[in-house]
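Here's the structure we're looking at; comments come further down.
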Amino acid sequence: MAGVPCLGRTHPATLATTALATAVLVAGCAIGPLGGTPSDLPLADTNCIRLIAALDAQVAAAGVRDAGTARVEGFRTLRVDRLLASYAAEPMDAARFGDWIAALRALDRNARGIEFANLPPAARERIVTAVRALPADAGAAGAGDDARIDACAERVLALDLAVPGARAWIKSAATVPDDYNDWARAAGLYPLTGFGYAAGIRVYERRTREAYAQPLAELPRAGAWHVLRPAMPSSPDPTAIGRIAAALVGSDAFPPAARADAADVERLFAAYAPTFAIDAASPADRPGRVILGADGRASVDGAAVSVTTRLAWTRYDGALLPQLVYTVWFPERPPEFPGDPLAGRLDGLVWRVTLDRDGAPLVFDTIHPCGCFHQFIPTARLAAKPAEPTVEEGALVVQTLPPLDPGARVLLVVASGTHFLRRVIPGRMLPAELQGPDVTAAVSTYTIMPDDALRRVPDGSGGTRSLFGPDGLVAGTERPERSIFWPTGIVSAGAMRQWGRHATAFVGRRHFDEPFLIERYFTRAARP
């Protein structure tokens, strides 16, 4: 379906600054999947087409493509995530279709800006020269480089949408490939080996439930408690939290970010920021801020602790419900024994709070940044659906909490070494059962920073790089377990991953950002 712009076939090393500007603005080549040829279009259109093609070619050559969203095949300036893809097959009037397109464009705008910022200096300078050579009629004259690139992207989108049949075409193309490799599953005889993996997973699930069933006072402890609390003030007023959540929920519409006032979202993150009680037995249990070293590899700076946050959404009960995602990062998962296949550089705990229509917690769930160890902690507002009679993984419900008020915080008890979540306790204080005369708890605070900051991390040489590669993985965090679990189809199982790339089931198919994930496993509990 997709055409290949001629600049995409030009090796970037041959493109000196002036030559690229000339090639971008003058040379004739195919303009992509939906348009005609440059001779068919006004010069301003061909200028923009070539600029977008040149930028994409430089991004690909430099290996800085952002993997958090998928490109919409045939539409050069649109990207899609699983939430927006879930609407593609649904009826849309003209206004709703326009809003949907705007949301797809917003994803591309965000990713393209990250990619442009992360280009190596020479490649970035080539694009900057081309941008500044654009004539005024190409759009956003006098604006900054990012704004002019975006104006060209809008012009290219208009051309693509003007082609007959574009609406049907785009709705069929707005899909997100899943993060399972079917060729690997076929080569690994997954229909047979899946039974073996399923048996191992049932053992893990049983042991996890047993760990949660232990009395608090009997939880194993290897070191001293490190209590990590949010530094920002909370918003304890349930009425205010309910008002903010209601404004965000509304009806099942998009783009959701258009309804999200930044100050209100900040208040939500402050209100629900969890307290961590970490069993700290070694430096591996000391969280911090993710940085990139001179070798380009990720590490954790423990001088200051930053928990990354992301506003996400789920579709449940006819509405878009907001989800508050918090990730705390650790330097490593140390080996529990020689040759431990789960050990490796960088580790973390992802904690997600799904809010109900009134702003109260509906359900919590958690994974590690590898997508592993997915656990659900519903409140009494939900009831788990009966398990399907299949070997595929279902929802691992490890604990059920009582109904919580809007703005209620929780304390997360985290194990040493594995960084497994071991208990969720309403409130923000270390409970008496975990204290005692031999227990000294170190208390520190954390700040929050947007998860998107990990897509533009200072590289130590004046530029920026994404923590995540074009495959969505964090380089250097590979685990030996990948050689064990490859037949499940998950590429590099155990490696840290970018948001949108978290496959969470070894047997079956499941992603952390599936829009109907809660609806898949839970129903509203009957009220007494």
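Some observations on this one:
- The condition (being closer than 25 Å to residue 227 by Cβ and at pLDDT 95 or above) is satisfied by just one residue among 423, 428: 423.
- Check on residue 387, among the small types (Gly, Ala, Ser), surrounded by fewer than 18 Cβ atoms within 10 Å (Cβ to Cβ) and more than 18 Å from the chain's Cα centre (by Cα): yes
- Test: residue in region 326-337 that is farther than 29 Å from residue 441 by Cβ and hydrophobic (A, V, I, L, M, F, W, C): no
- Meets criteria (outside any helix (DSSP H, G or I), buried (at least 19 other Cβ atoms within 10 Å of the Cβ), out of contact with any Asp or Glu (no Cβ under 6 Å at 6 or more places or on another chain) and of a type in the set (Asp, Glu)) for residue 513: yes
- Residue match in region 171-187 (condition: closer than 30 Å to residue 138 by Cα, part of a helix (DSSP H, G or I) and hydrophobic (A, V, I, L, M, F, W, C)): yes
- Residues that are open to solvent by 40 Å² or more (accessible area, probe 1.4 Å) number at least 3 in the following helices (runs of 4 or more DSSP H) confined to region 69-163: 94-118, 121-132, 145-161.
- Test result for residue 116, more than 23 Å from residue 457 (Cβ to Cβ), touching a helix residue (DSSP H, G or I) at 6+ places or on another chain (Cβ under 8 Å) and aromatic (Phe, Trp, Tyr): no
- Search result, residues across region 304-348 that are over 26 Å from residue 479 (Cα atoms), more than 15 Å from the chain's Cα centre (by Cα) and among the small types (Gly, Ala, Ser): 304, 318, 319
- Among the residues of region 182-197, those identified as in contact (Cβ under 8 Å) with a residue 40 or more places away in the chain and out of contact with any Ser or Thr (no Cβ under 9 Å at 6 or more places or on another chain) are 182, 187, 189, 195.
- Scanning region 219-262 for residues that are open to solvent by 70 Å² or more (accessible area, probe 1.4 Å), farther than 18 Å from residue 411 by Cα and modelled with pLDDT of 80 or more yields 222, 237, 239, 243, 261, 262.
- Answer residue from region 504-528, given it is over 17 Å from residue 363 (Cβ atoms) and out of contact with any helix residue (DSSP H, G or I) (no Cβ under 9 Å at 6 or more places or on another chain) and is modelled with the lowest pLDDT among those: 528
- Counting only strands (runs of 3 or more DSSP E) that sit wholly inside region 271-332, those with at least 1 residues that are surrounded by fewer than 19 Cβ atoms within 10 Å (Cβ to Cβ) and either on the phi > 0 side of the Ramachandran plot or at pLDDT below 95 (or both) are 289-292, 298-301, 306-316.
- Filtering region 336-384 to residues that are open to solvent by less than 10 Å² (accessible area, probe 1.4 Å) and small (Gly, Ala, Ser) leaves 348, 359, 360, 371.
The values are calculated or read from the model by the stated rules, or taken from the named source; none is laboratory data. These numbers were taken from a predicted model, which means no experiment stands behind them. Counting neighbours? That spans all protein chains shown, and the Cβs are built from the backbone with ideal geometry, glycine included. Protein only, heavy atoms only, side chains kept; ligands, DNA and RNA dropped before computing areas. Shrake-Rupley method; radii C 1.70, N 1.55, O 1.52, S 1.80 Å.
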